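The values are calculated or read from the model by the stated rules, or taken from the named source; none is laboratory data. Predicted, not measured: the structure shown is a model, and the values here were computed from it. Cβ coordinates were reconstructed from backbone atoms using ideal geometry, including for glycine residues, and neighbour counts include every protein chain displayed.
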Amino acid sequence: MTRNQLILLAAGGSAALMLAALGFQYLGGLPPCKLCYWQRYPHVAAVVIGALALAIKSRIMPLLGAGAALATSGVGLYHSGVEQGWWKGPSTCTSGDITGLSTDALMDQIMNAPLVRCDEIPWDFLGLSMASWNAIAAFVLALIWLAAARRSA
């Protein structure tokens, strides 16, 4: 494959993942949590980088695309760990500990709880959550970006 074909594949992959996320959100009724949004931003950046990389024949552009894909893959891995209970997520996104809270503090925590929690898995396929699938797909996209960087402009 040529450099441009690889760039189109990688940026198109990020665009497809964004469309899938929006489909799950708006057609499937699965609103995103805070970490889901964090996974989307690098995909958008990768799409923009892809457009720029087609116009700017520099090796740095595909490397930036790989960085964006690795960033979303990393957030996806982090989110997967939060979902599995391997580590704690952001306090604004998970259930939190209620031990020792006064009634007023507990009520305040309930009233300020996020609508969508990051530590719950609303959908999975083959035992992997959307965050896990995103981490895997984004890692593959990073490899495609790196292959594009190795091709001459």
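Looking only at the stretch 54-76, count how many residues are closer than 15 Å to Leu141 by Cα, touching a helix residue (DSSP H, G or I) at 6+ places or on another chain (Cβ under 7 Å) and either without any contact (Cβ under 8 Å) to a residue 12 or more places away in the chain or not β-branched (Val, Ile, Thr) (or both). Reasoning before the result, please.
Here is the first cut: in the stretch 54-76, the ones closer than 15 Å to Leu141 by Cα are 61-76.
The next check asks that each one be touching a helix residue (DSSP H, G or I) at 6+ places or on another chain (Cβ under 7 Å); those that pass are 61-66, 68-73, 75-76.
Among the residues that remain, those that are also either without any contact (Cβ under 8 Å) to a residue 12 or more places away in the chain or not β-branched (Val, Ile, Thr) (or both) are: 61-66, 68-71, 73, 76.
The number of residues fulfilling the criteria is 12.
Say whether the condition of being buried (at least 18 other Cβ atoms within 10 Å of the Cβ) and either closer than 21 Å to Ser132 by Cβ or touching a strand residue (DSSP E or B) at 6+ places or on another chain (Cβ under 7 Å) (or both) is met by at least one residue in the stretch 23-34. If you could, list the steps in order and put the result at the bottom.
So in the stretch 23-34, the residues buried (at least 18 other Cβ atoms within 10 Å of the Cβ) come out as 32-33.
Keeping just the survivors that are either closer than 21 Å to Ser132 by Cβ or touching a strand residue (DSSP E or B) at 6+ places or on another chain (Cβ under 7 Å) (or both) gives 32-33.
Yes; the residues of the stretch 23-34 include at least one that is buried (at least 18 other Cβ atoms within 10 Å of the Cβ) and either closer than 21 Å to Ser132 by Cβ or touching a strand residue (DSSP E or B) at 6+ places or on another chain (Cβ under 7 Å) (or both).
Kindly indicate the residue of the stretch 25-39 that is assigned to a helix (DSSP H, G or I) and either over 15 Å from the mean Cα position of the chain (by Cα) or touching a residue at least 24 places away in the same chain (Cβ under 8 Å) (or both) and also nearest to Ile7 (Cα to Cα) among those meeting that condition.
Initially, the stretch 25-39 is screened for residues assigned to a helix (DSSP H, G or I), giving 25-26, 34-39.
With either over 15 Å from the mean Cα position of the chain (by Cα) or touching a residue at least 24 places away in the same chain (Cβ under 8 Å) (or both) added as a condition, the list becomes 26, 34-36, 38-39.
Values: Tyr26: 28, Lys34: 29, Leu35: 26, Cys36: 24, Trp38: 23, Gln39: 20 Å.
My answer is Gln39.
Select, from Ala46, Ala55, the only residue that is modelled with pLDDT of 95 or more and either surrounded by 15 or more Cβ atoms within 10 Å (Cβ to Cβ) or over 18 Å from Ala135 (Cβ atoms) (or both).
Values: Ala55 fails: modelled with pLDDT of 95 or more.
From the options Ala46, Ala55, the qualifying one is Ala46.
Looking only at the stretch 13-24, decide whether some residue is on the phi < 0 side of the Ramachandran plot and more than 14 Å from the chain's Cα centre (by Cα). Before you say what the answer is, go through the steps one by one.
Going through the stretch 13-24, the residues on the phi < 0 side of the Ramachandran plot turn out to be 13-24.
Next, only the ones that are more than 14 Å from the chain's Cα centre (by Cα) stay: 23.
Yes, the stretch 13-24 has at least one match.
Cβ-Cβ under 8 Å, sequence separation 6+ or interchain: first residue in the stretch 77-93 and on the phi > 0 side of the Ramachandran plot, partner in a loop (DSSP other than H, G, I, E, B) and at pLDDT below 85. Which pairs?
These pairs meet every condition: Gly85/Asp119.
Six or more apart or on different chains, Cβ atoms under 6 Å: show the pairs whose first residue is in the stretch 115-133 and farther than 15 Å from Leu22 by Cα and among the polar types (S, T, N, Q) and whose second is surrounded by 13 or more Cβ atoms within 10 Å (Cβ to Cβ) and modelled with pLDDT of 80 or more.
Partner pairs satisfying both residue conditions: Ser129/Glu83; Ser132/Ser80.
Yes or no, residue by residue, for (1) in contact with a Leu (Cβ under 7 Å, 6 or more places away or on another chain); (2) modelled with pLDDT of 80 or more; (3) assigned to a loop (DSSP other than H, G, I, E, B); (4) buried (at least 19 other Cβ atoms within 10 Å of the Cβ):
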site: Ala71; (1), (2), (3), (4): no, yes, no, yes
site: Val75; (1), (2), (3), (4): yes, yes, no, yes
site: Cys93; (1), (2), (3), (4): yes, no, yes, yes
site: Gly100; (1), (2), (3), (4): no, no, yes, no
site: Leu115; (1), (2), (3), (4): no, no, yes, no
site: Ile136; (1), (2), (3), (4): no, yes, no, no
site: Trp145; (1), (2), (3), (4): no, yes, no, yes
site: Ala148; (1), (2), (3), (4): yes, yes, no, yes
site: Ala153; (1), (2), (3), (4): no, no, yes, no
